[in-house]
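Participant: Once you've had a glance at the structure underneath, I'll fire off some questions.
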Amino acid sequence: MKIINKLSILLLLISTSLQAQGRFDKVEITTTKLSDHTYMLEGAGGNIGVSVGDDGVFVIDDQFAPLSEKILAAIKTLSDKPLKFLVNTHFHGDHSGGNENMAKAGATIIAHDNVKKRLEAKQRDGSFKPKEALPVITFNDKLNITINNESVAVFHVANAHTDGDALLYFTESNVLHTGDTYFNGRYPYIDLGSGGSVNGYIEAAKKGLMLIDEDTKIIPGHGKASNMEEYRGFLKMLETLRTNIQTAIDNGKTEDEVKADTSLTKTYDDLDFGTGFINSERIRSTFYQSLKTED
């Protein structure tokens, strides 16, 4: 009986793995040029930033492992230089799932201290990441990387989407990569279980806006390439929801009452912000839980 059970588990794991691989088979990697040598790549998962030049290829985030071959092929169309550095904006698998493959392709992985801690801890399925998938260089507050004739400023924003988020600003190209501290045209996922918070998320957006100007090209964690005006609108949405839901909390509303009250998010529901990964009910619940805890 034990042998049969073990065989059943093995077959289930193989089936799950094949399904995971299969769902990426039809994914295409598309490329958007942002400046003379910076690009945004879209596929499945978080948006990727790429800088190419004489020094080599610098990459921000790498989506899921089954997409690595397609991502590397897309990068090869931009540059035949070696892959030098990869920065993870945070630890989630749709942004760091390809780490091992990218490291094997030559990249030195960089991330915030907390990203390394979360990647080297036991994962949800009980497994551990291989050594190659872990950051080699970590930072606490900020970091500067000089590559391809420009300085890239890397900033940690605390307790925003997670506890290990980074913003990256290309100082000459005037390009900002926000990671998942910005979802363009959508309600964001704020991972409260991994150190994220509403107030920290809002402060991250304010920090990003301080770095840029009207001409900045923005790579959001999810959604199309963006600009300062859209980013400001995103911040206004966050602040409006915080005000509305904090008022509901102050008036003694329960979480269930807030989840059911569509008037709290109606303005942005009507603009289709709730049609992405996070719907309007879930964003109301997230804001309630976070603000209640932070109160």
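The values are calculated or read from the model by the stated rules, or taken from the named source; none is laboratory data. Quantities reported herein were computed from a predicted structural model and do not represent experimental measurements. Counting neighbours? That spans all protein chains shown, and the Cβs are built from the backbone with ideal geometry, glycine included. Heavy atoms of the whole protein, side chains included, go into the accessibility calculation; ligands, DNA and RNA do not. Shrake-Rupley method; radii C 1.70, N 1.55, O 1.52, S 1.80 Å.
Participant: Scan the range 186-198 and tell me whether some residue there is within 19 Å of ILE60 (Cα to Cα) and open to solvent by 10 Å² or more (accessible area, probe 1.4 Å).
Facilitator: no
Participant: Are there any pairs, at least 6 apart or on different chains, whose C-beta atoms fall under 8 Å, with the first in the range 188-202 and among the aromatic types (Phe, Trp, Tyr) and the second assigned to a helix (DSSP H, G or I) and open to solvent by less than 10 Å² (accessible area, probe 1.4 Å), and if so, which?
Facilitator: Here the result reads TYR201/LEU238, each pair linking the range 188-202 to a residue that is assigned to a helix (DSSP H, G or I) and open to solvent by less than 10 Å² (accessible area, probe 1.4 Å).
Participant: Right, next: For the range 107-135, give me the residue count where each residue is farther than 23 Å from ALA158 by Cα, open to solvent by 40 Å² or more (accessible area, probe 1.4 Å) and in contact with a strand residue (DSSP E or B) (Cβ under 6 Å, 6 or more places away or on another chain).
Facilitator: 1
Participant: Still on this structure: Which condition breaks for SER15 when tested against (1) modelled with pLDDT under 95; (2) buried (at least 21 other Cβ atoms within 10 Å of the Cβ)?
Facilitator: Against the list (1) modelled with pLDDT under 95; (2) buried (at least 21 other Cβ atoms within 10 Å of the Cβ), SER15 comes up short only on (2).
Participant: Could you tell me whether any residue of the range 205-224 is at pLDDT 95 or above, surrounded by fewer than 16 Cβ atoms within 10 Å (Cβ to Cβ) and in contact with a Lys or Arg (Cβ under 9 Å, 6 or more places away or on another chain)?
Facilitator: no
Participant: Quick check on my filter: what residues within the range 110-149 are free of Cβ contacts under 8 Å to residues at least 24 places away in the same chain and on the phi > 0 side of the Ramachandran plot?
Facilitator: GLY126 - this is the single residue of the range 110-149 that is free of Cβ contacts under 8 Å to residues at least 24 places away in the same chain and on the phi > 0 side of the Ramachandran plot.
Participant: Restricting to the range 260-282, name every residue that is assigned to a loop (DSSP other than H, G, I, E, B) and of a type outside the set (A, V, I, L, M).
Facilitator: Scanning the range 260-282 gives ASP261, THR265, ASP270, ASP272, GLY276, PHE277, ASN279.
Participant: Hey, could you check the range 196-246 for residues that are among the polar types (S, T, N, Q) and touching a helix residue (DSSP H, G or I) at 6+ places or on another chain (Cβ under 9 Å) and say which is farthest from GLN289 (Cα to Cα)?
Facilitator: This residue is THR216.
Participant: Also, quick follow-up: Among the listed residues GLU239, GLU229, GLU257, identify the single one that is in a helix (DSSP H, G or I), open to solvent by 40 Å² or more (accessible area, probe 1.4 Å) and under 19 Å from HIS161 (Cα atoms).
Facilitator: From the options GLU239, GLU229, GLU257, the qualifying one is GLU239.
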